[in-house]
Every structure is written in structure tokens, then in C-alpha cells.
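Notes follow the structure.
The values are calculated or read from the model by the stated rules, or taken from the named source; none is laboratory data. This is a predicted model, so every value here is computed, not measured. When we count neighbours, we look across all protein chains shown, and the Cβ atoms used for this are built from the backbone with ideal geometry, even at glycine.
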């Protein structure tokens, strides 16, 4: 997982308090994560998210990565079952969602490369995912270029160990 300094500081506290436990996710988030994966126009989507924007199409975007990120955009706070989340638990749920998505994509789409991106601004937590493609990116490689946001990028391709 790659993070910027802002996320690293927050995520240390989330981990310490065990707020990123996937077993603690709301039933709404668990149902979303269990949604089938569907392919369309060379893109991969969670079916539940794709069905929410039926009129959106690839031609509306500059590339497939932007299309996937638009559709595969989870607002964590929208899945609260009791009226909302405090900031750190919300980030914890976002990280748990991202980890579950990364694990699912790595298992079900072995051989494909995905990024799962967590964005947290203190009030809102969003999770997106997209297929990694040459010459397309959603977020730049230097996460420190986004100083106002806490960012994490989870990758389905494990880093090779250095010998």
C-alpha cells in the first residue's frame, strides 16, 4: 500500500484502534462488496454501482480509467446504518472496503492489475477502483502532491522483493 504522509499519520491511529476490520462493515457495505463484477466496454464495475448510473457511458469520459473511477466510486458515509460515522471510524471502514476490494480483485481477476484508491478529507471518505492501463492514470505517482487530502493506493500486484 502506498500512502501520503497525511494518510500514514491517520492510518496508524486507525490500525491501532482496529477500525479497519472488515468484519465490522455495515451490511450495506458488505452487500456492495458482494455485488457481481460486470464488464462493459473494456472496463470492470461492481454491478450495484454500475446500475446506479445507467445512462453514463464510456464516450462521456476521456478514457476507460476515468470511466471506471466515476462508476466505481463509493461514498463510505452513504452506507451508514445508524445515521453516520465519526471521522476515524469512517476512514477505517474506507480502508476495510479498499482491502476487501483489493483482495477480491486479486483473487477473481488474477493476472489483471488494479488500483484501489482511498481518499479522506476529514469529513468524507471515498473508495474507487480501476484497472491499471498504460498511459492512463487517475492519480499521480507522487501522493505528496495532494497535501490537503489523505490518500492511499492499494495495488493488486504484489511488489517484487528486492534481492
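Can you work out which of the residues in region 115-127 that are part of a strand (DSSP E or B) and free of Cβ contacts under 8 Å to residues at least 60 places away in the same chain is farthest from residue 20 (Cα to Cα)?
Result: 115.
Restricted to region 133-145, and to residues that are in a loop (DSSP other than H, G, I, E, B) and without any contact (Cβ under 8 Å) to a residue 40 or more places away in the chain, which residue is farthest from residue 69 (Cα to Cα)?
Looking at the filtered set, the residue picked out is 142.
Kindly provide the set of residues from region 40-56 that are touching a helix residue (DSSP H, G or I) at 6+ places or on another chain (Cβ under 6 Å) and under 20 Å from residue 136 (Cα atoms), ordered by number.
Across region 40-56, the qualifying residues are 41, 42, 43, 45.
From the list 19, 105, 37, pick out the single residue that is crowded, with 18+ Cβ neighbours inside 10 Å and modelled with pLDDT of 95 or more.
Criteria check complete, one pass: 105.
I'm trying to understand the selection: among the residues of region 22-34, which are assigned to a helix (DSSP H, G or I) and either surrounded by fewer than 14 Cβ atoms within 10 Å (Cβ to Cβ) or touching a residue at least 24 places away in the same chain (Cβ under 8 Å) (or both)?
22, 23, 24, 27, 28, 29, 31, 32, 33
Which helices (runs of 4 or more DSSP H) sit wholly inside region 39-109 and have at least 3 residues that are in contact (Cβ under 8 Å) with a residue 24 or more places away in the chain?
64-71, 87-108
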